[in-house]
Amino acid sequence: MTRDAKGPDPDRPPTIGTADPAVLRGTWYILPTPFDSAGGLDTGSLRRLVEAAIDWGVDGLTAMGVMAEPGSLAADERATALRTIFEAAAGRVPVAVGCSGPSVAAVLGATAQARSHGAAAAMVAAPALFRDVDALPRFYAAVAAGAGLPLIVQDEPAATGVVIPVSILLASLGAAGARTVKLEDPPTPPKIGRLLAADPGLAVFGGLGGAAALWELERGACGTMTGFAFPEILRAIREALEGGAPERAGRLFDRYLPLIAFEAQPIVGLGIRKEVLRRRGAIDHAGTRAAMGPLDPATLAALEGLFERLAIEPSLDPYRPTI
């Protein structure tokens, strides 16, 4: 994708069909939604976070992923957040938008909104608790027929309650004309291997906070799409592997895995992620709209201990991973 500081041309028709495979790969950053001290949408922090992620060297941004708490956003908040993200990105990196919903109509409403901003792709998971997994290819075909955007098929059973066998996932991709998967059905490395054995031309992103990033990349993943607060680390691991330095990739992963795993914890992970971003100076407040509430003192102390042992000084400046 051409990087244009002026941003997408509003008069240019949206991209339709399969996304450029050179675009949908690499280290993508899923943006959380910053809130202010009163719990309202913090557009200033969101803009700063977009700028920071681009400075940190990400290959693309994903808006309205699961960790953006999209279900907690009112329609006007979602619209404002998306406008802020695309204005801040200004065409410098591609932006995909999470457009999952309970029905085809709901998904198409979200894809229309994403398309109006010039999104590179729409990420769509199975509707929550979808009962007939064999019907998923028909669902994705219907979405693709009206979306007007390339689709990223998201396989995320923790959020949807839907476990998708490889055969159904391949059929869904075929029905949608899609070539990109965001795979978060653990254990992810073997499933990535099975998908690529069946269709080597797929682009499969790993996720889940990067906790299996090395092994996913070794199985052929095209990159990692997650909100881990130090995407520079995930990029360094990927670039080491792609550059023919697997030992360096392994050592980097080994060194930083405690921080990756700490942030990827269920329930408290989003709060930890936002606290790290706050300490980096990318957002002003670490609050979430989840029921978990603020982090407890012991969790904050454990995070501080990790930073000390890894000799990390959280900063808005790009971080340079070491081994």
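Numbers at a glance
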{"item": "At R0 = 41 Å, FRET efficiency that the Cβ-Cβ distance of Asp134 and Leu310 yields, to 0.05", "result": "0.30"}
{"item": "Amide H within-cut-off set for Met123, under 5 Å, with H built and near neighbours excluded", "result": "Val97, Gly98, Cys99, Ile152"}
{"item": "Apportionment of accessible area to carbon and sulfur, the range 87-128, percent (1.4 Å)", "result": "60"}
{"item": "Bridge type composition, the chain - antiparallel percent by DSSP, nearest 5", "result": "5"}
{"item": "nm² value of the averaged projected area, convex hull over the Cα atoms of the range 66-137", "result": "5.3"}
{"item": "Packing-based ranking, highest mean first, of 160-166, 129-135, 105-111 given that Cβ atoms within 10 Å are counted", "result": "105-111, 160-166, 129-135"}
{"item": "Residue-by-residue Karplus 3J(HN,Hα) for the range 304-311, coefficients 6.51, -1.76, 1.60, Hz, glycine and proline x", "result": "4, x, 4, 4, 5, 5, 8, 6"}
{"item": "Dipole axis of the chain (+1 Lys, Arg; -1 Asp, Glu on Cβ), positive-most option in Thr84, Val153, Gly201", "result": "Gly201"}
{"item": "The range 191-255-the range 29-87 distance, computed between alpha-carbon centres (Å)", "result": "24"}
{"item": "Dipole of the chain [Lys/Arg +1, Asp/Glu -1 at C-beta], most positive-end residue of Ala178, Ile267, Val162", "result": "Ala178"}
{"item": "Per-q log10 I(q)/I(0), the chain, q = 0.11 Å⁻¹ (Debye; single scatterer per alpha-carbon; no solvent)", "result": "-0.65"}
{"item": "For the chain: accessible area per residue (Å², 1.4 Å)", "result": "41"}
{"item": "Charge dipole (debye, nearest 20) of the chain; +1 at Cβ of Lys and Arg, -1 at Cβ of Asp and Glu", "result": "340"}
{"item": "Per-residue SASA entry for Glu239, accessible area with 1.4 Å probe, Å² rounded to 10", "result": "80"}
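The values are calculated or read from the model by the stated rules, or taken from the named source; none is laboratory data. All values derive from a computational prediction rather than experimental measurement. Here Cβ is always computed from backbone atoms with ideal geometry, including for glycine, and neighbour counts include all displayed protein chains. Just so you know, the surface numbers come from the protein's heavy atoms only, side chains and all, with ligands and any DNA or RNA stripped out. Shrake-Rupley method; radii C 1.70, N 1.55, O 1.52, S 1.80 Å.
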